[in-house]
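The values are calculated or read from the model by the stated rules, or taken from the named source; none is laboratory data. This one's a predicted model, so the numbers in the text were calculated from it and none came from an experiment. Virtual Cβ from ideal backbone geometry, glycine too; neighbours counted across all protein chains shown. In case anyone asks, the SASA skips ligands and DNA or RNA and just uses the protein heavy atoms, side chains included. Shrake-Rupley method; radii C 1.70, N 1.55, O 1.52, S 1.80 Å.
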Amino acid sequence: KILVPMFSQLFHVVLYQPILNIFVFLYNIIPGHDIGVVILLITLLVRAAVYPLMSSSIKSQKAVQDLQPKLKEIKEQYKNDQQKQAMMTMQLYKENKVNPFASCLPLLVQLPILIALYMVMRAGLTADNLGADIYSFIFNPGKLNNISFGFFDLSKASLVLAIFAGVAQFFQTKAMLVKQPPKNAGEGAKDEQMMAMMNKQMLYFMPAMTVFIGATLPAGLTLYWFFSTLLTWGQQILIYKQRDASKV
């Protein structure tokens with residue numbers, strides 16, 4: 001009972017308040033106070049802050065993908081010996097300096113930041129008064145102007161923007177797909193086939209969920225989602241090209 005209020009206060013002081021003040025500071029200095037531009041800049045700042053973590057996550061996922069043929073061989077060779085199969089799999093990861101769980105940690109680290117961003121933009125886009133959370137050296141405009149580009153109200157839901165975010169999510173998810181192994185690959189490829197099928201389902205499920213959820217949120221949050229997904233996709237393409245070039 002004591003830890004929950006302490007954690008909530010720590011979250012508020014360490015994440016929510018600083019991000020809110022950066023948001024308001026950018027709003028104050030941008031000509032025209034265009035909140036759409038503020039969201040773009042916030043997205044760029046957040047992506048820059050988590051770039052090393054995301055790079056590590058993407059590289060790990062790509063490395064595991066690249067090892068799929070060798071993993072398939074191990075599963076075929078030791079299909080009747082699960083213990084030996086697990087040992088050889090871990091040895092393969094070790095030899096190639098691949099941590100299959102490395103992609104999970106960056107996502108967990110980013111989660112509190114994403115929650116704080118959600119709360120900040122919800123407050124900034126819908127609150128009539130930003131309250132006492134604004135630092136004394138930051139000008140408090142009281143209420144932010146939610147109109148972007150002169151006509152786009154980012155405080156209201158937008159199906160069009162949600163569809164754009166869904167399309168971006170489709171291409172970003174597609175870049176991470178695990179290829180389906182050939183049908184004659186044998187019993188050892190069952191796990192890869194299952195993984196490929198799950199990834200293919202995610203290819204359509206994630207964009208659909210993005211559109212569904214995005215259509216219910218203030219458009220400013222959906223805009224952040226769209227920008228963030230585009231940047232993640234671009235980061236994936238860059239890392240994949242670098243990795244492929246290093247193999248030549």
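Structure values in brief
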{"read-out": "Flag if Asn21 is touching a residue at least 12 places away in the same chain (Cβ under 8 Å), surrounded by fewer than 17 Cβ atoms within 10 Å (Cβ to Cβ) and closer than 13 Å to Gly124 by Cβ", "value": "no"}
{"read-out": "Near pairs, Cβ below 7 angstrom, 6+ apart or cross-chain, from the stretch 108-136 (of a type in the set (Asp, Glu)) to any residue that is surrounded by fewer than 18 Cβ atoms within 10 Å (Cβ to Cβ)", "value": "Asp128/Lys143; Asp133/Gln17"}
{"read-out": "Any hit, the stretch 46-62, residues being more than 23 Å from Thr222 (Cα to Cα), open to solvent by 60 Å² or more (accessible area, probe 1.4 Å), more than 16 Å from the chain's Cα centre (by Cα) and not aliphatic (A, V, I, L, M)", "value": "no"}
{"read-out": "Residue in the stretch 31-39 that is under 24 Å from the mean Cα position of the chain (by Cα) and modelled with pLDDT under 80 present", "value": "no"}
{"read-out": "Asn80, sole failed condition from (1) within 22 Å of the chain's Cα centre (by Cα); (2) open to solvent by 40 Å² or more (accessible area, probe 1.4 Å)", "value": "(1)"}
{"read-out": "Test result for Ile35, among the β-branched types (Val, Ile, Thr), open to solvent by 40 Å² or more (accessible area, probe 1.4 Å) and closer than 20 Å to Ile138 by Cβ", "value": "no"}
{"read-out": "Hits in the stretch 212-233 - residues which are of a type in the set (Val, Ile, Thr) and surrounded by fewer than 23 Cβ atoms within 10 Å (Cβ to Cβ)", "value": "Ile213, Thr216, Thr232"}
{"read-out": "Restricting the stretch 86-128 to residues that are modelled with pLDDT under 80 and touching a Phe, Trp or Tyr at 6+ places or on another chain (Cβ under 8 Å), the residue that is most open to solvent (accessible area, probe 1.4 Å)", "value": "Asn99"}
{"read-out": "Some residue of the stretch 64-78 being at pLDDT below 80, aromatic (Phe, Trp, Tyr) and out of contact with any Gly (no Cβ under 6 Å at 6 or more places or on another chain)", "value": "yes"}
{"read-out": "Any hit, the stretch 50-70, residues being over 28 Å from Gly234 (Cβ atoms) and of a type outside the set (Gly, Ala, Ser)", "value": "yes"}
{"read-out": "Where a residue in the stretch 137-161 is touching a residue at least 24 places away in the same chain (Cβ under 8 Å) and part of a loop (DSSP other than H, G, I, E, B) and its partner, wherever it lies, is open to solvent by 60 Å² or more (accessible area, probe 1.4 Å) and of a type outside the set (Phe, Trp, Tyr), with Cβ under 7 Å and at least six apart", "value": "Asn145/His33; Ser155/Thr126; Ala157/Thr216"}
